[in-house]
1. In region 1178-1200, is there at least one residue being more than 38 Å from the chain's Cα centre (by Cα) and of a type in the set (A, V, I, L, M)?
2. Please give the number of the condition Ile1225 fails out of (1) buried (at least 21 other Cβ atoms within 10 Å of the Cβ); (2) of a type in the set (A, V, I, L, M, F, W, C); (3) in contact with a Gly (Cβ under 8 Å, 6 or more places away or on another chain); (4) over 15 Å from Asn1165 (Cβ atoms).
3. What single numbered condition from (1) surrounded by fewer than 19 Cβ atoms within 10 Å (Cβ to Cβ); (2) part of a loop (DSSP other than H, G, I, E, B); (3) of a type in the set (A, V, I, L, M, F, W, C); (4) at pLDDT 85 or above fails to hold for Cys504?
4. Return the residue satisfying two criteria in turn: it lies in region 1049-1095 and is in a loop (DSSP other than H, G, I, E, B) and in contact with a helix residue (DSSP H, G or I) (Cβ under 7 Å, 6 or more places away or on another chain), and of such residues it is surrounded by the most Cβ atoms within 10 Å (Cβ to Cβ).
5. For region 734-751, which residues satisfy the criterion of being modelled with pLDDT under 85 and either open to solvent by 40 Å² or more (accessible area, probe 1.4 Å) or touching a His at 6+ places or on another chain (Cβ under 7 Å) (or both)?
6. Residues in region 1041-1099 that are in contact with a Pro (Cβ under 7 Å, 6 or more places away or on another chain) and closer than 22 Å to Leu1257 by Cβ: how many?
7. Just to be sure, is Thr906 over 22 Å from Ala807 (Cβ atoms), within 54 Å of the chain's Cα centre (by Cα) and among the β-branched types (Val, Ile, Thr)?
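The values are calculated or read from the model by the stated rules, or taken from the named source; none is laboratory data. All values reported here derive from a predicted model rather than from experimental measurement. Note that each Cβ is placed from the backbone with ideal geometry, even for glycine, and that neighbours are counted across all protein chains shown. Side chains included, ligands, DNA and RNA excluded: accessible areas come from the protein's heavy atoms. Shrake-Rupley method; radii C 1.70, N 1.55, O 1.52, S 1.80 Å.
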Amino acid sequence: MTKETFKGQPQYTLKETILSLASRLKSDNVLRSHPLRRLQTITISEKLEDYAGSILPQLKHDAGLSVSASWLISWATGTNQSLAKPFRNIIGALPLSAVAVPFEMQANRLRPMLLKDLPLGFYKSVTSDRRQLMVSTEDDKKVQCSSWNKALIQDALVNAYIYLLEGIRDNGPSTEYEYYSLWPLECSETELPIKQHFVTKLVQFKSRLFHRDLHWQNFKKSIFLDPSLRNDSNIGEIAFETLLAFYSGGSSVVMELPYHVMTNLEAYYPVEMKNKIVSKEQFFINVFLPNIENMFWRKSERNINNRDKLVISALEFENKAVRAALSSTKCIPSEPNGDLKRPTELVSPLGNLSDLFSYDDGVFPRGQNTFRLGNIIPYLVGLGMMDNYLPLNCLEERCQSVVKLNQTCGQCAIERCSKILKYLNSAYVFHGKLQRNPNELQKLQNITFFPVLKKPLRWHFSWKGNVDKHASKKTCQSGHPSNAIRLASPANLFVQGTETLVGCVKLILDETSISATGLSIRSLDVYKCLGLQGSSKSDVPYKIVFSQLRTVVQEYKEKESKDTAINCQVIVHDIYSFLDIKCANSEDISNECFQEFSKDNTILVGDQIMDASRIVFHLKHNCSPVLLGLENTDLAKYKHLWKAIGIKEHADVEDIAKVLGEKKRQLGSIPLSIKDIDLIHGLLSALKDAMDDKVIKYEDVDKSLLVNIVAPDSDGILRQTSSLCLDDSEFEIGPDTKIVNDKISPSLALALGVTTRRRKCIDDFTCLIPVGQQEKLVTRLRGILSAYPCDDGIMKELLQNADDAQASEIHFIKDFRKHGCGTIFDQKYAPLQGPALCVFNSSAFTQADLQGIHHLGIGSKRDDPLKTGQYGVGFNAVYHLTDAPSFLTKGPDLENGEMLCVFDPTCQYLPKVDEHNPGLQCVVSKIRTNYSDVLSGYLEENVFNANVGTMFRFPLRTKISPETIQISSKQVNEEDINNILEKFCTENFEALLFVKHVSKIIVSNISSGELVEEFRVEVTISEEDKRKRDEFFQVVRDVSDQYKQDSSCINELSSKEVGYTVTLTDGKRRSESFYVVQRIGFKEGFSIPETVVHALKDKKLGQLPLGGVAVVIPNIQQLIEQPKNQKDSCAVIYSKERIESNCNNGRAFCFLPLPTRTGLPCHINGHFALDHEARRSLWKEEKGYRHDWNYSIFKAIVSPAYVSALLFLKQQIFEGNHAWSIDIIYRLLHAFHSQFPLVNLAKDDDWKAFVQYLYSLIIEDKVPVFPVLLESIGNIQSTSGDMKVHID
């Protein structure tokens, strides 16, 4: 025996090297992590000695013969079962196996040889006489050697087998080698139980032992074709080539796999094998049919034939899913070019439908020996190929094909149209399909495939059939002389005989041409269902007849020839007769449609065409030629028609106004002739009669018509009557005012909107103020007043408005005088000249502010969160005091520098106003000239003597008349105003703490013509603090601007804080300093509630995250210098009574103070959500985004601001940390502690919750605000023991 190396393997002797190495690895316990793998080649030579023949006679002929064989041996150790713990102590048990196979080299490639009769070579445990494998018996169950043999076979032996096959693969086997030929698939499981574990290794591990061409791949990346398809002698090879060409499985490779090998693999891994096999169904559905249009099939005629074979095989394959795929796939070649079509797109060449198609239509299957065979046609019909009946969508296409056919031959198009009609009329099609499918029938009615009648020879008007250009004039290859014809859909055609009623506007069917093909269309059942119109003249729709009439009349006006005139008379009177009969016999005709028809000039009166709106039956005044009566004309016989189209007995206001308006537009500024003035007088007289008939006045006429009601002025120029006045007095009017012409009587002029000189003067310098909403204003005001108490809150609303207008001061003046009534707008204005409350502020109105006042609740402030009076309804609280508020405002942006606005919701005091326009805006310079007494109540001499400012005047409701409309039933007298202002002065000393602009409030009265001051409060602030406050509010304005564009900016807003000192003083020597902390933006880390986030996104909240506090700054020096008193003891200062007396004076602010007290020691401001329109307290409902918003303001804005205020007080009071006597320290501590809120003194749950938020914040942030007394160290002489205060 000789030994060789294989592919560079080291040379080891069987007994000394591989075994010793395996033993050493086992003893080192590293076989699992470092398994042994070796390939070895040996050559075994045998020689038959010469004397062998004498021993065995049958060998005497082979004596002296020498043979040799090369073997490839694979050695491998186990990695799993054979290394298990139970086998470690078996004497001589080494987990090593080997597999050998004979081979020979051919052309430098290895060719393994089969060895059927020799046993496999391996090393394993045997019995003591080494004649057989050791097995266990029932009497020797503890023997482990048999189990060892099993583990060795299943583990090491399988490893060696796999390694052997991999070695053959890696050393380039010969082309004759079949990769599965050496697999142990025929081994007996009882003699050598290796097959199952070999298959397991093959399937579950990554050994690349499957082979095709140059590809070696493992099981998981291999794909196999169904053997039943692969072995098909007709298409097996084609199917495999197709799978190779189109399979797209990522890195998987299509492999050959014999049936017997596949069954062995399926026996152990059926599911895995099923997933790896492309079944016949999958092949057709997923591989072949999706790629049937690939260019691969067009490379050669052979490929095309192969494709067709596969299609025919699929047709013959009785599989429901494959049939469905065939039905939906373009897979059948068609005439003439072999284009692939779906079966449903084809027509059987043997069926009844073939006459409806031509060869070039591409609907017949191609291939006399393939797809047109008698046994294949039924398959195609079964898949939807059309045979005797067309699907309705294909029927539509056949009808549409007439258009294409008409491009070359009109006669052929008519013939196909006839064939289609015959098919449609068949019992199955008509009764079986169309009548059960009205939608499809409607589609056919709208397909263009019927011939259109050409224009008759004696027709002198336009003809609908000639409107469009003819189709191409190409002739048919069949030799037909016909040119292309005009086609239309049945629904758009009328039958012959309706020319005079519809010929200009509708197409008419050419029944003559269809009859020439031998088909009488009117005899067909389907004829009645295709939508052809006008079978009877009475069935012609009247709207179409109206259109015909308008067309004929219009063309008559344009041509005006003798022929057209004669023809027009005939056609028009024929139409009138048709319409008159129709109106007489039917009450269902829509009057609305006839009224629309009457707007056009379609009535022929003699040789004049007139609009129906210019015609009435009876007309008293001469208004010709713009308005006529029919009473004595030959048109009276069509009385049913005239009544139906709306010709009236008498002219109405709208008709006459329309004629007047047209006359004005026609003449413009050209003076009227005497004849025209007489015509206008007649029309105005007729208009007056029409108004009297309806019992209406000029003011009741529709506003849209007033612009058309015109009369001549003194120069004969037509002008709107409301712009004219009578020459009836010496009252001063402007130079542009026009006087009505003296031909128009004063009574007629006044009835039609001409005004007097006095009224005209008012109209010239005033304009109406609209209410801006649909709800009645008085009703709206009553609703607002029901939410507002009649108290000092009215004054706070006015203060809010002044602050929003950036006024620096507001002045309340009680003017209880009676002003003159000599030169006022009207005598009904006189009640407004009596006692009034006047309110002045130092800013001028803008147009937006004006809109905010008269658009109740939806004013200019609503969308501006920066405005104090943001809700836009607060001003209307003044209607508690007055029925007619007004104001005089002066500023550089106003017309002539000043403007007067007066509101009159009840329409009782002002001329010109109504419920839609309940106020006047007046040019002040004109009032000073003509109505000077009106301005006397605005105190221009006493108060309002500046060029910028606004004076409000609220005449008191001192009397109530039960006959008039009332906003409020409460009378208001001087005592009521005194009481309201006294309460305002008493309770609102702190009102200016959080406002942005107003720094002064004054209350005065007019006594003996002199201004007497009663109350004053103003705020002072240092320049530095003012600068800081202004910078802060600039940030607020920037946030406000951003908020208007994107309310979600609040979520990302960084907080900004400012602190400053203000001092409030009044006229009674009261003075108090406050430290104010304002803050915008939620505290960092605060999680905004989801309800608030959604409300901001949906624009439901209009507030900014803004708030703050104001704490009283104690007089430190006064506390230090105060004489010692027993009341300064700790027990007294911190007694319950003393603490509670100092901790309950705080107020809640929403920029201005709210009526309720908080029970806190300081004032709290916040842009809170308040209760509805009155806005007098915080929102009270416990759930919802408004409650959550207030909670967020408390917790994340006001609480941090309060902490900042406490830190400021700490610094102010204890700055320098002086050593003081104990009594001074107690007073200082009391001053400091008095600013700490007590939860038990808070007025309600909201404020109790706020106190808890505050202390939680102090504790969480470890804010150093709690003092500790430290004994002073030094040369202190006080025997009482001086102390220092330490706060940390």
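1. Taking every residue of region 1178-1200 in turn, none turns out to be more than 38 Å from the chain's Cα centre (by Cα) and of a type in the set (A, V, I, L, M).
2. Against the list (1) buried (at least 21 other Cβ atoms within 10 Å of the Cβ); (2) of a type in the set (A, V, I, L, M, F, W, C); (3) in contact with a Gly (Cβ under 8 Å, 6 or more places away or on another chain); (4) over 15 Å from Asn1165 (Cβ atoms), Ile1225 comes up short only on (3).
3. Only one criterion is unmet by Cys504, namely (1).
4. Of everything passing the filter in region 1049-1095, Phe1082 is surrounded by the most Cβ atoms within 10 Å (Cβ to Cβ).
5. Residues satisfying the conditions are Pro735, Asp736.
6. Number satisfying all stated conditions: 7.
7. Answer is yes for this residue.
Matching residues to (1) free of Cβ contacts under 8 Å to residues at least 60 places away in the same chain; (2) outside any loop (DSSP other than H, G, I, E, B); (3) touching a helix residue (DSSP H, G or I) at 6+ places or on another chain (Cβ under 8 Å):
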residue	(1), (2), (3)
Lys926	no, yes, yes
Thr929	no, yes, no
Leu935	yes, yes, yes
Glu940	yes, no, no
Asn979	yes, yes, no
